[in-house]
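A.B. asks: Structure incoming, see below.
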Amino acid sequence: MAEGHASHRLVNIISQSAETADGQPLSISRAPADDLAPWIARIHATKALVEGNQTIMCGMFSDTAVLRILLDGDWHAETRDGPFFNRRKPIFFGPHSKRMPGSVRGNFATVAVSLMPGACHALSGPDVPGVIDRLVTFDDLGGDSDALMALFPEDASQTEWMDALENYMRALITERGLTEPDPVTQRFDAIAFANPNIKVKDFAKDNGIELKQLERIIKRDFGLPPKQVLRRARALDMAAHLKGVADASEAEELALRYFDQSHLNRDFVDLFGMTPTQFVRTPQPLMTLTLEHRQARRLEVLKRVEPDSIMPWQALPDTVSRTEN
């Protein structure tokens, strides 16, 4: 392995947010303000120091579109379009159909907003099927990167970064007309958290919608067919458990979603590029961050925790307050 790189070993990362029990960095994360909840799934910020300016080889796997502001670090990702390199720039990440390999060199900091499924369509944003496994610069979406980056001074706190991004999104959503995502999409999002083993035809019947119409709506708003959305949800829940960013009391329930070990292995190899055992043994701080954000929202949607409460896996909890808007 070349000097200055790390893949299967975890370099010394000093998180300025929080950590898991095994020392992997967590972000500061919170639910959006009530008036933004139909469009925004989560707001999160991360700031970490990496010993020796080393490169962390990792990956990300998100089930939502994310507007991520890269504030520090040299970032790389292997996207559907090929290699992507950037630093200090706002980037729109499409949802992932599988793990996206990536890396960051040196200290890193980001602030990001995860969008609700259907928010892009409701707000006349990017076509979600067209951005699956892709990264798009903010300028290419018609935005002004310089103006957006100016909202995040380096000496501001992570909470101040989150407040600035939330206020920016509030203005953008108001400008776009406050149209909310399709109710069918909202209900499918909830069932993917609660019971990703549900049969798609049963969901359609329960919601009084034709199967073909359901498939069109879900493909439009999630970027993938319904069965793939549910398969991804099941795998992400198990991955979060394996990485220690899930409610440990759910371990047996999550395991029973798979028919047997070969079923679990097959899904992990297809979606993460490795077996569950390899996944556990491979340090993946960036992956852990994305899994953590999703699990926090999932537990809140399922009403297993109060909004913005301390999550079961947080070893070093932070109390995060929203400033007055």
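The values are calculated or read from the model by the stated rules, or taken from the named source; none is laboratory data. Please read all numbers here as calculations on a predicted model, not as lab measurements. Here the Cβ positions follow ideal geometry from the backbone for every residue, glycine too, while neighbour counts run over all protein chains shown.
A.B. asks: From the list G244, G208, exactly one residue is surrounded by 14 or more Cβ atoms within 10 Å (Cβ to Cβ), assigned to a loop (DSSP other than H, G, I, E, B), of a type outside the set (F, W, Y) and outside the structural domain of I69 (by TED's automatic domain parsing). Which is it?
C.D. replies: None of the others qualify; the one that does is G244.
A.B. asks: In addition: Please tell me if D270 is more than 25 Å from M311 (Cα to Cα) and of a type outside the set (A, V, I, L, M).
C.D. replies: Against the criterion (more than 25 Å from M311 (Cα to Cα) and of a type outside the set (A, V, I, L, M)), D270 qualifies.
A.B. asks: Which residue is farthest from the chain's Cα centre (by Cα), if the candidates are limited to segment 177-205 and must be part of a helix (DSSP H, G or I) and loosely packed, with under 15 Cβ neighbours inside 10 Å?
C.D. replies: Looking at residues that are part of a helix (DSSP H, G or I) and loosely packed, with under 15 Cβ neighbours inside 10 Å, I get K205.
A.B. asks: Working only within segment 289-309, note down all residues that are more than 10 Å from A31 (Cβ to Cβ), of a type in the set (D, E, K, R), in contact (Cβ under 8 Å) with a residue 12 or more places away in the chain and outside any helix (DSSP H, G or I).
C.D. replies: Listed by number, the list holds a single entry, R304.
A.B. asks: Tally up the residues in segment 225-254 that are in contact with a Leu (Cβ under 8 Å, 6 or more places away or on another chain) and among the aliphatic types (A, V, I, L, M), please.
C.D. replies: Here the count works out to 7.
A.B. asks: Among the numbered conditions (1) in a helix (DSSP H, G or I); (2) outside the structural domain of F93 (by TED's automatic domain parsing); (3) under 23 Å from the mean Cα position of the chain (by Cα), tell me where I173 comes up short.
C.D. replies: That leaves (2) as the condition not met.
A.B. asks: Which ones in segment 247-264 are surrounded by 13 or more Cβ atoms within 10 Å (Cβ to Cβ) and of a type in the set (S, T, Y)? Steps first, answer last, please.
C.D. replies: First, pick out the residues of segment 247-264 that are surrounded by 13 or more Cβ atoms within 10 Å (Cβ to Cβ): 247, 250-251, 254, 257-258, 264.
Passing the criteria: only Y258.
A.B. asks: Return a yes/no flag: does segment 52-75 have any residue that is more than 19 Å from the chain's Cα centre (by Cα), among the acidic types (D, E) and modelled with pLDDT of 95 or more.
C.D. replies: yes
A.B. asks: Moving on. Does segment 74-116 hold any residues that are polar (S, T, N, Q) and in a strand (DSSP E or B), and which are they?
C.D. replies: Applying the first criterion (polar (S, T, N, Q)) to segment 74-116 yields 79, 86, 97, 103, 107, 110, 114.
Within segment 74-116, T79, N86, S103, N107, T110, S114 meet the criteria.
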